[in-house]
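Visitor: To start, I am sharing the structure in question, which I have written as structure tokens.
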DNA sequence: GAGGTTTATTGAATCGTTTTAAGATCGGGA
DNA sequence: TCCCGATCTTAAAACGATTCAATAAACCTC
């Protein structure tokens, strides 16, 4: 049905090899022939069959990316960075959403394996280093994003959450706040513990400052609001003068509780607030939310770059790249 | 490097044809041989090369899906529905995010064409029927999601926004509200006009009810908050007793403005509020938000179903499926 | 036990592209 | 005129899985 190189060659009066050369090594073909072949391609509406190309090449020119949650702007921005960088070298990126489910993650890895992807970028959910090793044995390298590899056997590109936590609390201290509360949890999430550790580090630099830790069981608006209500219920003298929330959803919940009719806690006057992730909603909150922003697109770009290098030379030693997050100051912490 | 059917055949002491049969038509092969071949497959860690399979088959067993915005839960749920339905028939879905950009949309369609996808699902951004026709000529059918095809030359699966608007306002009327305001815009967005039309239809059934239209220039929290402030600034007697917002973001902005310290408009007592889309945040709002929910997953499932049928029989006439949205009542409109 | 029928397995051809060694064409120098 | 080298172009051999006509083996039935 669809035209093949053979049809193009016949119409242009050349051999199939020449048609291939026109498309892949134009410098090897005389201008006159090139024009004739191009005309035939246009006339027939020829579009290369990638399956055949791939079969011959032995591997695909597509990179697979599996993220924990496509709805999360952090990952979409990361994906965008990856796509752009890949496109610059003629590669495509296809996006899979594991949604933090091991079986979905496994399904995507299977797909990438049968498709003989050029490489895989993944923000892993479970422990999948065994599976990734298997892919690597088959010639498909993998780079971890937003997580570091436990045994450093794979390259990774991540963000320093400890530095992020420190950044947030240092900022609050600089604003003159001294009684700071960290609201977040569960501590099983590595990012949460890292951010808390960072907060502790920063507090330690200021002898008269204290850090209260308020644990919640999920990083959601609801959980944040509950924690916020608890603060509102306290005697005003017992309240912290600043809150560092483990992410923006929690921060928004806290903000709702503080600003609620009847609560009347003023933000930032009475309690300053800093979140984490800098999601879209952060700037659209009633009081625009200060937050810690991660260089998402840069992570994607860098991960692709490393991946392409490893695909070209499988003997390359794994590298761990860690980026620094950035503080975005808005009204909630002024 | 990687094992091929040939290696498996050699190890199992059978021909390549038999290996293929073991994998694709197990009933054609004797149990003894099947066991032997399976052992060889396991031992070698054989994984089928999809490029070769596809080349032979003439088309991929993957379906391409392009959405306007992967961050939008409507589309991720739709994608999930599509994936599940596709998996049931042994197909995979790959997800592309056009982000409402024509060039990104075109890039994905190009990719799907060279990959000889089994079919394409798309929530189109620009006018791409010409391009889709081209794909169809090459044997790649397309089904539109969340939009109807202007000339009905393609199948489509969408939601009745007029009915949704009517549903929202009918509900508010049933709650005894009579002075209703529609907040939304710009009217260039088809969904906005449809929802407004639905609202008008519902109002017409209640002679003593009035509909005020408050236009805004974007469907954002910020724009909604500005509109909400305008309501707060009015003499209480001039305020509507219910607001139907064109989507949940706008509704949340309105809610923020009404509930803000100093504004003290009680929701739903003084003003009831209904949004549209039922995003996650809707239920997490200070006052949980009533909203109109679209059957996202069902749309994805149905679209895949139609696509597979059209792929099997290209002569099938295009079908337009329109689903009805659903009202989700929460505290904001009680 | 011969003939016929079913069942299991084989091997070669095929899909469409890329690659490479070999061949053709041309111009120019001797 | 002949030969050499430099360009271009060609033809054929891959890549790996699937399929199908052909073969081989087993099983009945009389």
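The values are calculated or read from the model by the stated rules, or taken from the named source; none is laboratory data. What you see is a predicted model, and the numbers here were worked out from it, not measured in a lab. Note that we place each Cβ from the backbone using ideal geometry, even for glycine, and neighbour counts take in every protein chain shown.
Visitor: Scan region A:1-18 residue by residue and report those that are outside any helix (DSSP H, G or I), more than 7 Å from DNA strand C (Cβ to nearest atom) and within 14 Å of another protein chain (Cβ to nearest Cβ).
Guide: Passing the criteria: A:1, A:3.
Visitor: Tell me which residues, restricted to region A:73-100, are away from chain B (no Cβ under 11 Å) and more than 20 Å from residue A:312 (Cα to Cα).
Guide: The answer is A:78, A:81, A:98, A:100.
Visitor: Out of everything in region B:112-147 that is out of contact with any helix residue (DSSP H, G or I) (no Cβ under 9 Å at 6 or more places or on another chain) and away from every other protein chain (no Cβ under 14 Å), what residue ends up being surrounded by the most Cβ atoms within 10 Å (Cβ to Cβ)?
Guide: Result: B:129.
Per-residue answers, yes or no, for (1) modelled with pLDDT under 95; (2) farther than 30 Å from residue A:90 by Cβ:
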residue: A:115; (1), (2): no, no
residue: A:153; (1), (2): yes, no
residue: A:156; (1), (2): no, no
residue: A:166; (1), (2): no, yes
residue: A:176; (1), (2): no, yes
residue: A:179; (1), (2): no, yes
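Visitor: Working only within region A:1-19, note down all residues that are within 9 Å of DNA strand D (Cβ to nearest atom) and surrounded by 18 or more Cβ atoms within 10 Å (Cβ to Cβ).
Guide: A:9, A:12, A:14, A:18, A:19
Visitor: Tell me the residue from A:216, A:183, A:189 that is at pLDDT below 95 and closer than 29 Å to residue A:126 by Cβ, please.
Guide: Working: A:216 fails: at pLDDT below 95; A:183 fails: at pLDDT below 95.
From the options A:216, A:183, A:189, the qualifying one is A:189.
Visitor: List every residue pair whose Cβ atoms sit under 6 Å apart, with the two residues 6 or more apart in sequence or on different chains, where the first one lies in region B:7-29 and is free of Cβ contacts under 8 Å to residues at least 60 places away in the same chain and closer than 13 Å to residue B:44 by Cβ and the second, anywhere, is near DNA strand C (Cβ under 6 Å from one of its atoms) and part of a helix (DSSP H, G or I).
Guide: Going by the 6 Å Cβ cut-off, the qualifying pairs are B:9/B:16.
Visitor: Hey, any hits in region B:46-63 for a residue that's more than 11 Å from chain A (Cβ to nearest Cβ), under 30 Å from residue B:131 (Cα atoms), more than 16 Å from DNA strand D (Cβ to nearest atom) and not in a loop (DSSP other than H, G, I, E, B)? Give the derivation first.
Guide: The first filter runs over region B:46-63 and keeps only residues more than 11 Å from chain A (Cβ to nearest Cβ), leaving B:63.
Cutting the leftovers down to under 30 Å from residue B:131 (Cα atoms) gives us B:63.
Restricting the remaining residues to those that are more than 16 Å from DNA strand D (Cβ to nearest atom) gives B:63.
With the extra rule that they be not in a loop (DSSP other than H, G, I, E, B), the set shrinks to B:63.
Yes; the residues of region B:46-63 include at least one that is more than 11 Å from chain A (Cβ to nearest Cβ), under 30 Å from residue B:131 (Cα atoms), more than 16 Å from DNA strand D (Cβ to nearest atom) and not in a loop (DSSP other than H, G, I, E, B).
Visitor: Exactly one condition in (1) away from every other protein chain (no Cβ under 14 Å); (2) not in a helix (DSSP H, G or I) is not met by residue A:218; state its number.
Guide: (1) is the only condition that residue A:218 fails.
Visitor: Checking residue A:302 against (1) in contact with a helix residue (DSSP H, G or I) (Cβ under 7 Å, 6 or more places away or on another chain); (2) more than 13 Å from chain B (Cβ to nearest Cβ); (3) buried (at least 20 other Cβ atoms within 10 Å of the Cβ), which test does it fail?
Guide: Exception for residue A:302: condition (1).
Visitor: Consider residue A:89 against the criteria (1) within 15 Å of DNA strand C (Cβ to nearest atom); (2) touching a residue at least 12 places away in the same chain (Cβ under 8 Å): it satisfies all of them except one. Which criterion is unmet?
Guide: With respect to (1) within 15 Å of DNA strand C (Cβ to nearest atom); (2) touching a residue at least 12 places away in the same chain (Cβ under 8 Å), residue A:89 is out only on (1).
Visitor: Residues being over 14 Å from residue B:49 (Cα atoms) and more than 7 Å from DNA strand C (Cβ to nearest atom): count how many of those fall in region A:48-61.
Guide: Final tally of qualifying residues: 1.
Visitor: State which residue is farthest from DNA strand C (Cβ to nearest atom) when the search covers only region B:19-44 and only residues that are within 14 Å of another protein chain (Cβ to nearest Cβ) and within 13 Å of residue B:6 (Cα to Cα).
Guide: Applying the filter and picking the extreme gives B:44.
Visitor: Looking only at region A:21-33, which residues are surrounded by fewer than 19 Cβ atoms within 10 Å (Cβ to Cβ), assigned to a helix (DSSP H, G or I) and within 11 Å of DNA strand D (Cβ to nearest atom)?
Guide: Across region A:21-33, the qualifying residues are A:21, A:26, A:27, A:28, A:31, A:32, A:33.
Visitor: Turning to a different aspect of this structure: Only one of (1) surrounded by 20 or more Cβ atoms within 10 Å (Cβ to Cβ); (2) farther than 25 Å from residue A:309 by Cβ; (3) near DNA strand C (Cβ under 10 Å from one of its atoms) is not met by residue A:70, so which one is it?
Guide: So the condition that residue A:70 fails would be (3).
Visitor: Go through region B:251-274 residue by residue and tally those that are out of contact with any strand residue (DSSP E or B) (no Cβ under 7 Å at 6 or more places or on another chain) and either surrounded by 23 or more Cβ atoms within 10 Å (Cβ to Cβ) or under 19 Å from residue B:176 (Cβ atoms) (or both).
Guide: The total comes to 9.
Visitor: Of the conditions (1) in a loop (DSSP other than H, G, I, E, B); (2) surrounded by fewer than 18 Cβ atoms within 10 Å (Cβ to Cβ); (3) at the interface with chain A (Cβ under 9 Å from one of its Cβ atoms); (4) over 14 Å from the mean Cα position of the chain (by Cα), residue B:104 satisfies every one except a single condition; which number is it?
Guide: Against the list (1) in a loop (DSSP other than H, G, I, E, B); (2) surrounded by fewer than 18 Cβ atoms within 10 Å (Cβ to Cβ); (3) at the interface with chain A (Cβ under 9 Å from one of its Cβ atoms); (4) over 14 Å from the mean Cα position of the chain (by Cα), residue B:104 comes up short only on (1).
Visitor: Then there's this: Look at residue B:78 and say whether it is part of a strand (DSSP E or B) and farther than 25 Å from residue A:58 by Cβ.
Guide: Values: part of a strand (DSSP E or B): no; farther than 25 Å from residue A:58 by Cβ: yes.
Considered against the rule, which asks whether it is part of a strand (DSSP E or B) and farther than 25 Å from residue A:58 by Cβ, residue B:78 comes out as no.
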